[in-house]
1. May I have the pair-distance distribution P(r) for the chain, computed from all Cα-Cα distances with 20 Å bins from 0 and rounded to whole percent?
2. Using only the C-alpha atoms of the stretch 70-225, find the volume of their convex hull and express it per residue in Å³.
3. Given the options 269, 73, 49, identify the residue whose Cα lies farthest towards the positive end of the charge dipole of the chain (+1 on Cβ of Lys, Arg; -1 on Cβ of Asp, Glu).
4. Residues of the stretch 173-325: accessible area per residue at 1.4 Å, in Å²?
5. Mind running the shape call on the stretch 219-261? Use the C-alpha gyration tensor, a ≥ b ≥ c as the square roots of the eigenvalues: rounded below 1.5 for a/c, prolate if a/b tops b/c, oblate otherwise.
6. Show me the chymotrypsin sites (Phe, Trp or Tyr not before Pro) within the stretch 209-318 that DSSP assigns to loop and that have at most 13 other Cβ atoms within 10 Å of their Cβ.
7. What relative contact order, as a whole-number percentage, does the chain give when Cα pairs under 8 Å and 6 or more residues apart are counted?
8. Could the peptides 326-332, 293-299, 309-315 be put in order, highest first, of the mean number of other beta-carbon atoms found within 10 Å of their residues?
Amino acid sequence: MRLQNLELMNFRNYLHEHIRPGFSLNILNGENAQGKTNILESVYLACTGKSFRTIKESEIINWQNDFSLISCLFESAGRELELKVLLTPGQKKIKVNGAPVRGYPLGWPGVVLFTPDDMVIVKGSPQERRRFLDAEIGPFDNRYVYCLGRYQRILTQRNNLLREIRDRKRDSELLQTWNEQLCQYGAQIIFFRLALLKKANPVIRSIYHELTGGLEELSIRYLSSLKIDCMTSEQEIINLFNAALSAAKNEEIARGQSLIGPHRDDLVFLINKKEAKVYGSQGQQRTIVLVLKLAQMQMWHNEIGEHPILLLDDVLFELDNARQKALFNKIKENVQTFITSSTVRDIGAGDGLSKKLFIVREGKIIKSEKEV
């Protein structure tokens, strides 16, 4: 996957900008609050249909205007893909090669994002790790997103019913219908997660082993609110789920919320069998996040047959020289990469890669040049 052209109109602080990215490494250089991350956001939005910075897409539209337009030309699997995203207050329209589309099928366009905020995957709450599973690993199974959406809607309705039962406004017998649906879609989500982790784990372990020179081993454990393991079938998960809901019925009614299901599950990262969140150093925790991103890239290539675009938002200073070198050795010339940085000196580990430098100032690309 390559981005050949990017044109922005009224996108945050860019009134009108046209960018022709380089084949390999694209460096967006400038002071803070000049618009470097806005470029990454526009590429990410074009590739996924959503922003990584806000759920209020009206914030993206330049405050002096009433619409925002992203126009991209991608090259994918030997064919060109023209993609346009038009944002107006309360509405988003996406066209691919002139035809309106809804949703993004797996495989086009691929993108992996790495920001300093991704450290919460290791250090943050279980919600952050579930978000990583749902948003970054789950889409590798095209049924996952559908099941997750259904589950979340059912969960909301069931929680409302639990509160009404607690307040004696509804009869508890009504729970059974919602329990059946919750178990059906919840079991599918857990089953998909286990299958995806089973596929991802060898890639993750191999990359971590390589980055640490074989001195450390990384493993990932899925912690479920149900007593399951990687060999549990989908029907067995449904049966366990039903039994657990029956046992927790009175407590759930008293608290007015669903206490069991994939919305309560977690991941545990273990370095040499010790929990990284508790015992890992800052460097080890950063390495885990880097490995997860590299594994995502590898999974894209394994599943789709081509490399995704890589977006690195001000993360190089978070990585020491050894980890920077490992990152650039992995991407080489295969992955088109966009990096934001306040100083080009941060990017010395990219020697040997073809580079293109963009100087960003006040929502404008004031200079772009090829580097050897």
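1. It works out to 26, 53, 20, 1, in whole percents.
2. Spread over its residues, the Cα hull of the stretch 70-225 gives 196 Å³ apiece.
3. Final value for the positive-end residue is 49.
4. Heavy-atom accessible area per residue stands at 47 Å².
5. oblate
6. Answer in residue order: no site qualifies.
7. Details: 626 pairs, mean separation 96.7, N = 372.
Rounded, it is 26 percent for the chain.
8. 309-315, 293-299, 326-332
The values are calculated or read from the model by the stated rules, or taken from the named source; none is laboratory data. The structure displayed is predicted, hence computed values, not measured ones. Quick reminder, even Gly has a Cβ in these numbers, built from the backbone with ideal geometry, and neighbours come from all protein chains shown. Ligands, DNA and RNA are stripped out before the accessible areas are found, and what is left, the full protein with its side chains, is counted by its heavy atoms. Shrake-Rupley method; radii C 1.70, N 1.55, O 1.52, S 1.80 Å.
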